[in-house]
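Quick notes on the structure that follows.
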Amino acid sequence: MSVKNLVAFTRVEDYEYQAVLHAVRRQFRLLGAAELVKPGIRVTVKPNLLMKREPQQHTTTHPMVVRCVIEALQELGAGEITIADSPGGPYTKGALEGIYSASGMKEAASLTGAKLNFDTGWREIKCEDYRVCSGFNIIDPVAGADLVVNLPKLKTHCMTTLSGGIKNLFGCVPGLQKPELHYRFVEEERFCQMLLDLAQTVSPAITLVDGIVAMEGDGPSGGTPRGTGFLAGSRDLFALDVELARVLNLGEVKMLSLAAVRSLAPPEDLIERAGEPPAVIKDFRRPRSKSLDFLGSVPAPLRPVVRSLAGRFAKPSPKVEMKRCIGCGRCAQSCPAHTIKIDHGKAVIDYKNCIRCYCCHEMCPPRAIGIKRLKLFDI
């Protein structure tokens, strides 16, 4: 079986150690991981550690998946293995310590002998075939690895619809340089093109998605956990994300449409599936920021006018729930346009300059920032 355009699925219903280890070992066999993992090589595993969340909140890659991937790599002869990510917010040793502990990465490292990354340096890597970004600052443990294993958490995303293999690599950009990229590439198409440039730059050898429990709705941090019961893996992260979008019934995903135009992502009919592919989940909830699809019920002559009004007034916006806001300032810290301030202990958004990147929604610890849509268009 060729690994080109191959996406492997392994069924696993919960995070029980033996079940996950068996599923990961099978993934590695199906994907031919033994061809990639040479004795003694330095491997960096890159989970999704978006923020300081515990495993049962299902915002971050589950530590059992990380542990089992490390053990499977060790069985193939890998040398030093490092767990590394640059979560949202400042990229500092103190911030990493808190997130590693809360997310279960500290325990996974202890059980396997893997190294937790505390090196907050980075280096610039050029992108050879870019559209909007000719190079990126990439955190040192990823930039210096012999092999990178990408371990996303399967989630929806308020800006890109899908948070899978491609989006997870945004965490290879250090700290608050991520909001800078949001501000440089405000429009959805340019932001997605930037993510595709980044994915080509990092080019992980294997991507293995934690879809045992996914997140639907207003992901990547404010959605609802949903058991989906599988791991999905590929040596081609673009093919993998196309297949994940199909399984979750997400419809058109702009990022993947652009990847197809660039000949990065194969069409669905050229993807080879191995293992136990799940049935399409027809009722998987999309983020509200991506559900403004009302024109089909508007008379054709009025659609240009309504589309114009929607673009000006009806784009979903972040909204602060004042009763839940604790005034921690993480939203203001992560806002690339600097439109948020803390006033009398509460977050206040200046909508005139808001670029609708949803970084504040993504990074709010108490989930006090939701997505506001006009009820008029729920037709």
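Hey, Val3 hits all of (1) farther than 26 Å from Ala143 by Cβ; (2) modelled with pLDDT under 95; (3) β-branched (Val, Ile, Thr) but one; which does it fall short on?
The number of the failed condition is (1).
Taking the range 206-226 as the search range and keeping residues that are buried (at least 24 other Cβ atoms within 10 Å of the Cβ) and among the charged types (D, E, K, R), which one is farthest from Lys153 (Cα to Cα)?
So the residue we want is Asp218.
Suppose we filter Leu50, Leu73 for residues that are aliphatic (A, V, I, L, M) and assigned to a helix (DSSP H, G or I); which single one remains?
It is Leu73.
Consider Thr60 carefully, then state whether it is part of a strand (DSSP E or B) and not hydrophobic (A, V, I, L, M, F, W, C).
no
Being of a type in the set (Gly, Ala, Ser) and in contact (Cβ under 8 Å) with a residue 60 or more places away in the chain is the filter here, so list the residues in the range 200-221 that pass it.
Across the range 200-221, the qualifying residues are Ala205, Ala214, Gly217, Gly219, Ser221.
In this structure, does Thr61 turn out to be β-branched (Val, Ile, Thr) and over 15 Å from Val45 (Cα atoms)?
In short, no.
State all residues of the range 34-46 that are within 27 Å of Phe118 (Cα to Cα) and not charged (D, E, K, R); if no residue qualifies, say none.
Leu36, Val37, Pro39, Gly40, Ile41, Val43, Thr44, Val45
Just to be sure I understand the filter: pairs with C-beta atoms under 6 Å, separated by 6 or more residues or on different chains, first member in the range 262-274 and more than 13 Å from Ala245 (Cβ to Cβ), second member open to solvent by 30 Å² or more (accessible area, probe 1.4 Å) and not polar (S, T, N, Q). Which pairs pass?
Taking only residues 6 or more apart or on different chains, the pairs are Ala274/Leu30.
This table checks each residue for (1) β-branched (Val, Ile, Thr); (2) within 17 Å of Tyr17 (Cα to Cα); (3) at pLDDT 95 or above.
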{"site": "Met64", "(1), (2), (3)": "no, yes, yes"}
{"site": "Arg67", "(1), (2), (3)": "no, yes, yes"}
{"site": "Ile70", "(1), (2), (3)": "yes, yes, yes"}
{"site": "Gly77", "(1), (2), (3)": "no, no, yes"}
{"site": "Ser86", "(1), (2), (3)": "no, no, yes"}
{"site": "Glu97", "(1), (2), (3)": "no, no, yes"}
{"site": "Ala102", "(1), (2), (3)": "no, no, yes"}
{"site": "Arg131", "(1), (2), (3)": "no, no, yes"}
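Out of everything in the range 321-336 that is over 19 Å from Lys372 (Cβ atoms) and open to solvent by less than 60 Å² (accessible area, probe 1.4 Å), what residue ends up being modelled with the lowest pLDDT?
Among those residues, the one meeting the criterion is Pro336.
Any residue in the range 8-31 that's within 21 Å of Leu244 (Cβ to Cβ) and open to solvent by 10 Å² or more (accessible area, probe 1.4 Å): show its pairings with residues that are part of a helix (DSSP H, G or I) and modelled with pLDDT of 95 or more at Cβ separation under 7 Å, as long as the two are six or more apart or on different chains.
Tyr15/Met64; Phe28/Ala72
Which one is modelled with the lowest pLDDT, of the residues in the range 277-294 that are in contact with a strand residue (DSSP E or B) (Cβ under 8 Å, 6 or more places away or on another chain) and open to solvent by 70 Å² or more (accessible area, probe 1.4 Å)?
Applying the filter and picking the extreme gives Arg288.
List every residue pair whose Cβ atoms lie under 7 Å apart, where the two residues are 6 or more positions apart in sequence or sit on different chains, the first residue falls within the range 57-78 and is in contact (Cβ under 8 Å) with a residue 60 or more places away in the chain, and the second residue, located anywhere, is part of a helix (DSSP H, G or I) and open to solvent by less than 10 Å² (accessible area, probe 1.4 Å).
Thr60/Ser103; Val65/Val20; Val66/Met105; Val66/Ala108; Val69/Val24
Just to verify a result, which residue in the range 337-366, among those that are open to solvent by less than 70 Å² (accessible area, probe 1.4 Å) and basic (Lys, Arg), is nearest to Asn48 (Cα to Cα)?
So, considering only residues that are open to solvent by less than 70 Å² (accessible area, probe 1.4 Å) and basic (Lys, Arg), the one nearest to Asn48 (Cα to Cα) is Arg356.
Scan the range 227-246 for residues that are touching a Lys or Arg at 6+ places or on another chain (Cβ under 8 Å) and buried (at least 21 other Cβ atoms within 10 Å of the Cβ) and report the count.
3
Taking only the range 208-251 into account, find how many residues are among the charged types (D, E, K, R) and in a loop (DSSP other than H, G, I, E, B).
3
Quick check on this structure: which one of Glu107, Glu80, Glu35 is closer than 30 Å to Ser334 by Cβ, open to solvent by 40 Å² or more (accessible area, probe 1.4 Å) and not β-branched (Val, Ile, Thr)?
Glu107
Might you check whether a residue that is of a type outside the set (S, T, N, Q) and under 17 Å from Ser103 (Cα atoms) occurs anywhere in the range 25-45?
Within the range 25-45, one or more residues are of a type outside the set (S, T, N, Q) and under 17 Å from Ser103 (Cα atoms).
Kindly check whether there is at least one residue in the range 164-183 that is touching a Ser or Thr at 6+ places or on another chain (Cβ under 8 Å), assigned to a strand (DSSP E or B), touching a residue at least 12 places away in the same chain (Cβ under 8 Å) and surrounded by 24 or more Cβ atoms within 10 Å (Cβ to Cβ).
no
The values are calculated or read from the model by the stated rules, or taken from the named source; none is laboratory data. From a predicted model like this one, the values you see are computed outputs, not experimental measurements. FYI the Cβ positions are ideal-geometry reconstructions off the backbone, even for glycines, and counts take in every protein chain you see. Surface areas here come from the heavy atoms of the whole protein model, side chains and all, with no ligands, DNA or RNA. Shrake-Rupley method; radii C 1.70, N 1.55, O 1.52, S 1.80 Å.
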